[in-house]
1. How high is the relative contact order of the chain? Use alpha-carbon pairs under 8 Å, at least six apart in sequence, and give a whole percent.
2. Could I get the Rg over Rh figure for the chain? Both from C-alpha atoms, Rh via Kirkwood, rounded to two places.
3. Hey, what's the per residue convex hull volume over the C-alpha atoms of segment 166-260, in cubic angstrom?
4. Quick one: compute the contact order of segment 16-160, relative version, from alpha carbon pairs under 8 angstrom and 6+ residues apart, as a percent.
5. Extending each Cα 7 Å along its Cβ direction at residue 51 and residue 108, get the distance between those two points in nm, one decimal.
6. Is segment 18-98 rounded, prolate or oblate when judged by the Cα gyration tensor, a ≥ b ≥ c being the square roots of its eigenvalues, rounded requiring a/c under 1.5 and prolate requiring a/b larger than b/c?
7. Cα centroids of segment 211-230 and segment 12-48: how far apart, whole angstrom?
8. Give me the one-decimal nm value for the distance between modelled label points at residue 253 and residue 177, 7 Å along each residue's Cα-to-Cβ direction.
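Throughout, read-outs are computed from the coordinates displayed, never taken from laboratory work. Computed from a predicted structure; not experimentally measured. Cβ coordinates were reconstructed from backbone atoms using ideal geometry, including for glycine residues, and neighbour counts include every protein chain displayed.
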Ligand SMILES: NC(=O)c1ccc[n+]([C@@H]2O[C@H](COP(=O)([O-])OP(=O)(O)OC[C@H]3O[C@@H](n4cnc5c(N)ncnc54)[C@H](O)[C@@H]3O)[C@@H](O)[C@H]2O)c1
């Protein structure tokens, strides 16, 4: 039997990157999808959403902003009306941001926190009553390795992801006895439009390869590798997993390499 047979997944940020990859992976495993995104899917990773809809007829994508509680409420109500339930919530809508604290504009700080943190709260708040009524559900927040450790100039982004991690743990405590599991995924740097727009900024060409090298597997991750982790957390295979931040980072947070491997007898690579 498919791993998500009969389940309904509400996915924010479903039009691109990790959200779209989750949609496609979940659809392959029998789920039907209710996507939510401020944008329509376009080329590249947007094709994952289109593939998901082909795999799971009846899936829909509502356009809206995760900062807009009314729009989220309408999309969640439409999903419940169409499919009768919501078993999985993936909070993937997010934006990159940052700047040292004395330089970042207050509006930019608010934009980042409002989308990454408050958007996660608002979507969860709308879906939870349905899961509570069912007595079951799996919620997955997209946090980041930048919710675990700092990053030069990260400020608002790191603060938003660190807060998402603790929101996840608190929700795991509050809803565990109601049959609802809540987990987070902490991706390393993943090849998506978000990462490429940040790395495409002028002057960052050399930095890109240094960041890639900081992953012990020697490469950036792929969106489907995050979707595989989300599939596990969404499925009944993770029935005893809650309050957990699953790091999927190619070894980015494992530690540091300072080039002394050769002295220790390792091949130089
Ligand atoms: N790509 C990475 O390296 C990486 C690493 C760690 C964590 N993450 C997190 O994973 C999540 C997905 O990122 P991605 O790399 O797939 O990015 P992406 O830009 O490819 O996709 C994000 C999607 O969210 C949507 N979105 C953004 N703001 C929105 C809003 N206000 N309302 C509704 N939708 C909105 C965008 O339209 C887009 O479709 C984000 O939360 C991001 O912070 C990404």
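1. 18
2. 0.98
3. Hull volume normalised by residue count: 124 Å³.
4. 23
5. Taking the simple label geometry, residue 51 and residue 108 are separated by 3.5 nm.
6. Judged from the Cα gyration tensor, segment 18-98 comes out oblate (a/c at least 1.5, b/c at or above a/b).
7. About 19 Å separates the Cα centre of segment 211-230 from the one of segment 12-48.
8. 2.9
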